[in-house]
Every structure is written in C-alpha cells, then in structure tokens.
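Reading through the structure tokens given below for one structure.
The values are calculated or read from the model by the stated rules, or taken from the named source; none is laboratory data. These figures come from a predicted structure and were not determined experimentally. Note that we place each Cβ from the backbone using ideal geometry, even for glycine, and neighbour counts take in every protein chain shown. Each accessible area value is taken on the protein alone, full model and side chains, heavy atoms only, with ligands, DNA and RNA left out. Shrake-Rupley method; radii C 1.70, N 1.55, O 1.52, S 1.80 Å.
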Amino acid sequence: MSEYQLYCFAQSGNAYRAALMLNLIGADWEPIWVDFFSAMVQRTPQFRSDVNEMGEAPVLVHDKRKLTQSGVILTYLTTRSGKFKPQGEGEELEALRWIIFDNQKVNGFLGPFRFLKNFAKPAGDPAVLAFLKGRIDGNLAIVNKRLTDRPFLLGNRPTIADVSMTGYLYYPADEFGFDMAKDHPAIGVWLERMKALPGWKHPYDLMPGYPLGKK
Ligand SMILES: N[C@@H](CCC(=O)N[C@@H](CS)C(=O)NCC(=O)O)C(=O)O
C-alpha cells in the first residue's frame, strides 16, 4: 500500500490541489476514487461517519490520520516534506491569506460556476451564473495583478499558496465558456510556470474518473 491515499475524483479542483502537491513533492501516493456524481458517496452517512464528517473530497489518509480541507492538507504536506514551504511567520501568514482568498473567492466561485454549467441537472440559472461570473472576473483580476510583477504569489519561489490557487485553473476553457489565461495574461504565464515544475500533471491525468463514468 502507498504511504498516502487521497480520496479524490478527476473533476474536483479542490482535490486537485492535494493531488498536485503529492505529485510535486514526489510522494508515494494512490487515489481512492470518490463517485461524486453517480453514487454521490460523499453524501452517504457511511462516508460522513468513516471518512469525512464534512461530506467533502479531498481527504488525505496518512497512517491512522485522515485530513480534510485542501489548505490543511497542503500545510501538512509542506511541513512534512519541507517543499513549497513558506519561510518564517511573515510568509506563513501571507500564504494562508492567499489560500483563504483562493478557497473562498477564486476557486470557491469557479468550482460551483463550472459545476452549474457542465454537470448540474437542470443546468444553472443564468442569473446565478452571471452573478458568479462577475465575482470570478473581479477576483481573477486581483490574482492577475498580484502576479504581474512577481513570478509566484509570494515572490520568487512557488509555495503552497500557488499550489492551492491552481485548483480549477487548468480545466479546459470550454468548461467555463471563457479562457482564463487569455483574459488574465499574468495568470496565463504563471500557469505555464507551474506546469514546468517536475511532477506537474493535468487534473484529468492525475485523478481517476475522467471521462465521467470511467474510474
Ligand atoms: N474548502 C474545501 C472544499 C471541498 C469541496 O467543496 N469539495 C467538493 C468536491 S469539489 C465536495 O466534496 N462537495 C460535496 C458535495 O457537493 O456533496 C477544500 O478546499 O477542501
């Protein structure tokens, strides 16, 4: 058995943060597929009692520990590996600031937006989609500005803040109906920089369940 197991599925940008980090640090890990769309296992009482009371993926299993919330998982993995680690209290707080902004305002809106456009039945209400798109544009612009004069969110080195921010940003433009890299060029350049890191993989190549119906 691998050292780490990760409950995840290919369409989840939230899980991608953890899967990408595991790959980037060269961890010995294996995915455990969460049948999110069909069986909706994350909503079952068994999942909530045995895996994650919050009913969410990702969940990282390490020894007897089960960790949830991608920000917590990233913090755990950077502490253990020493890789992508913010240095000192100032950087640690700065990384946390961007991880929270990402979780709530960037990928926190992109995830539901993409879900409503591609997977929800019936598809999302246009007014809701328009609201989310407005917030997404504004928040991506904030990230774009941040990346205009530095290669990574905290400066010259990639940290867990960058890994977190990648969440939904590599999924195909047609799943969003707009091209993030083109609309926000500094994000586009940064995505290429992240892509060049050893161990980088696209979410559809890193986690099981793509295309839908395939484990
Ligand atoms: N803030 C959490 C978000 C996790 C999350 O929302 N995961 C989604 C999958 S992408 C989920 O499991 N949702 C449960 C559901 O919709 O039933 C994290 O970063 O880990």
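Residue-level check: of (1) open to solvent by 10 Å² or more (accessible area, probe 1.4 Å); (2) touching a Lys or Arg at 6+ places or on another chain (Cβ under 9 Å), ASP183 misses just (2). The residue that is surrounded by the fewest Cβ atoms within 10 Å (Cβ to Cβ), counting only those in the range 69-114 that are at positive phi and under 18 Å from the mean Cα position of the chain (by Cα), is GLN69. Answer yes if at least one residue in the range 111-122 is in a helix (DSSP H, G or I), away from the ligand (no atom under 13 Å from the Cβ), in contact with a Gly (Cβ under 7 Å, 6 or more places away or on another chain) and not β-branched (Val, Ile, Thr), and no otherwise. Checked the range 111-122: at least one residue is in a helix (DSSP H, G or I), away from the ligand (no atom under 13 Å from the Cβ), in contact with a Gly (Cβ under 7 Å, 6 or more places away or on another chain) and not β-branched (Val, Ile, Thr).
Flag: PHE37 matches the condition of being open to solvent by 20 Å² or more (accessible area, probe 1.4 Å), over 22 Å from LEU197 (Cβ atoms) and outside any helix (DSSP H, G or I).
Once the range 42-68 is narrowed to residues that are in a helix (DSSP H, G or I) and crowded, with 18+ Cβ neighbours inside 10 Å, the residue that is nearest to the ligand (Cβ to nearest atom) is GLN42.
Among the residues that make up the range 8-23, is at least one of them surrounded by fewer than 15 Cβ atoms within 10 Å (Cβ to Cβ), more than 10 Å from the ligand (Cβ to nearest atom) and of a type in the set (Gly, Ala, Ser)? No, every residue in the range 8-23 fails to be surrounded by fewer than 15 Cβ atoms within 10 Å (Cβ to Cβ), more than 10 Å from the ligand (Cβ to nearest atom) and of a type in the set (Gly, Ala, Ser). Figure legend. Inter-residue proximity from the range 192-215: first residues of a type in the set (Gly, Ala, Ser), second residues modelled with pLDDT of 95 or more, beta-carbon distance below 6 Å, spacing 6+ or different chains. Indicated pairs: GLY199/ASN23; GLY199/LEU24; GLY209/PHE9; GLY209/ALA10; GLY209/TRP33.
On inspection, PHE119 does not qualify as buried (at least 16 other Cβ atoms within 10 Å of the Cβ) and not basic (Lys, Arg).
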